[in-house]
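The structure under discussion appears below in the form of structure tokens.
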Amino acid sequence: DVSPRSGPCSRSSTLQFLKSIASVSGDLSSMTAPSFILSPVSLTEYPSYWGEHPELFAACTKGADDVERMCNVLRWFIATLKGQYTSRNTSMGSEKKPLNPVLGELFLGTWPSQNDEGETTLVAEQVSHHPPITAYHLANEKAGVSLEGHSAQKTSFTGRSIIVKQIGHAMLRVKNAEGKEDLYLITLPTLGIEGILWGAPYIELSGTSYISSSTGYTATINYAGKGYFSGKAHSFKAGIAPSAQPTHPLYSIEGEWAGVSKYKGKAPGKDTTFWDASSERREVQVKPLAEQGDMESRKVWAKTAEGIRAGNFDAASKDKTRIENEQRQKRKDETAAGTPHQLEMFVHIPEDQEYTKLAAATSGIKPTTEDGYRRKPRVH
Ligand code: HCR
């Protein structure tokens, strides 16, 4: 599904592209994308955006009380958004279609400690190919904080933009002063892929997401684009409140998630900066290719990615087809042998009780059951 001969932004390739989007409902991974929109990066790498501010991640454990700790958790969460949703525009000129991971694909990385915050580690695994689902686990053992979650997407096309509903959630675990664990359930915003008709896709966030904590507090984050509450793109308003009284925030914050946000309203420190997204993001470090295992993402996609980077889309397409054929054969062999694929790093939990409990504590989260994925215990 790589269309090599479509020239960048040509009218016919854009039309073909729009037809292709309209024809794939629900899952964009099988969409035919024109070459100018292809990314050489696999979706298994995306969980690394959660870790690009290692000091803020470690600081989730800090704070004099539960409300201050929720402030720190919210700051870390807001700080991840710029990377998650705008970084392809910065690094590649527009939003791109990531490589569709193969089943069992792994992405492993670290952020070495820089300011005594401790090392942060990342493990991501493609736990389902169809529909695509990526599970991830980040941890800073020294600080006593970890994040575990999974990510899938359901898409629809309005004729102008693609609406991507994020399926899945993340659970942040924070060791508190008594040595016990506080949980923070993180739900994910809906995204719109705009600018498709101009051949320059970018992301805008909309709707509401929540951070619901076992400490009894909830952060509610409302997202809007240009022309809504501030007239600016990538805007948000957030409130931190007791979970039982979500409309009575103790702290209010507003601004731009890819820019500056400030404390507002009744919050202590009114009009002081909450987060400035121009702060440096630290890219995850991975082993050199020669030391990576066969299922590690950059090893799996090395040739395809090289073709895309070099503008050699015929070579990229050929290599991608080779990988897809090998995968089909692997699944056939597994079925014939009666040995289905086993997850390497995660365990699948059909009904995640931790999710259900914290979701129920916050009135805005729809009461549903959700799958969960837990990192398998490591053998040291
Ligand atoms: C929708 C998307 C794949 C999924 C990407 C997700 C939702 C993955 C989890 C991350 O935590 C956050 C994230 C950020 C990306 O913005 C989002 C991708 C944007 C585009 C991509 C589509 C499958 C590709 C569409 C092709 C064109 C129109 C760009």
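The values are calculated or read from the model by the stated rules, or taken from the named source; none is laboratory data. Everything numeric in this text was worked out from a predicted model, so none of it was measured. We place every Cβ from the backbone using ideal geometry, glycine too, and count neighbours over all the protein chains shown. Quick note on the areas: whole protein, heavy atoms, side chains included, nothing else; ligands and nucleic acids left out. Shrake-Rupley method; radii C 1.70, N 1.55, O 1.52, S 1.80 Å.
If you go through the stretch 44-73 and keep only what is within 11 Å of the ligand (Cβ to nearest atom) and free of Cβ contacts under 8 Å to residues at least 40 places away in the same chain, you end up with just TYR49.
Comparison of ALA135, ALA152, ALA139 shows that the only residue that is open to solvent by less than 20 Å² (accessible area, probe 1.4 Å) and either near the ligand (Cβ under 10 Å from one of its atoms) or farther than 29 Å from PRO377 by Cβ (or both) is ALA152.
Does the stretch 172-179 contain at least one residue that is within 22 Å of VAL41 (Cα to Cα), within 16 Å of the ligand (Cβ to nearest atom) and open to solvent by less than 30 Å² (accessible area, probe 1.4 Å)? Within the stretch 172-179, not a single residue is within 22 Å of VAL41 (Cα to Cα), within 16 Å of the ligand (Cβ to nearest atom) and open to solvent by less than 30 Å² (accessible area, probe 1.4 Å).
Entry remark, the stretch 180-200: residues being over 20 Å from the mean Cα position of the chain (by Cα), modelled with pLDDT of 95 or more and either open to solvent by less than 50 Å² (accessible area, probe 1.4 Å) or within 11 Å of the ligand (Cβ to nearest atom) (or both) number 1 in total. Among the residues of the stretch 111-122, just one is within 17 Å of the chain's Cα centre (by Cα) and open to solvent by 20 Å² or more (accessible area, probe 1.4 Å), namely THR121.
Within the stretch 20-43, residues that are among the aromatic types (Phe, Trp, Tyr) reach partners that are within 8 Å of the ligand (Cβ to nearest atom) with beta carbons closer than 9 Å, at six or more positions or on different chains, in the pairs PHE36/SER94; PHE36/LYS96.
When ILE211, ILE203, ILE162 are checked against the criterion of being within 16 Å of the ligand (Cβ to nearest atom) and modelled with pLDDT under 95, ILE162 stands alone in meeting it.
Being more than 27 Å from ILE193 (Cβ to Cβ), at pLDDT 95 or above and either assigned to a strand (DSSP E or B) or open to solvent by less than 40 Å² (accessible area, probe 1.4 Å) (or both) holds for only one residue in ILE240, ILE253, and it is ILE240.
Out of curiosity, is THR90 open to solvent by 20 Å² or more (accessible area, probe 1.4 Å), more than 10 Å from the ligand (Cβ to nearest atom), at pLDDT 95 or above and hydroxyl-bearing (Ser, Thr, Tyr)? Here the answer is no, as THR90 does not meet what is asked. For the stretch 49-58, residues that are in a helix (DSSP H, G or I) and either crowded, with 22+ Cβ neighbours inside 10 Å or touching a Lys or Arg at 6+ places or on another chain (Cβ under 8 Å) (or both) total 6. I'd like to verify a number: residues in the stretch 24-40 that are of a type in the set (A, V, I, L, M, F, W, C), surrounded by fewer than 20 Cβ atoms within 10 Å (Cβ to Cβ) and either touching a Leu at 6+ places or on another chain (Cβ under 7 Å) or part of a helix (DSSP H, G or I) (or both), how many? Total meeting the criteria: 0.
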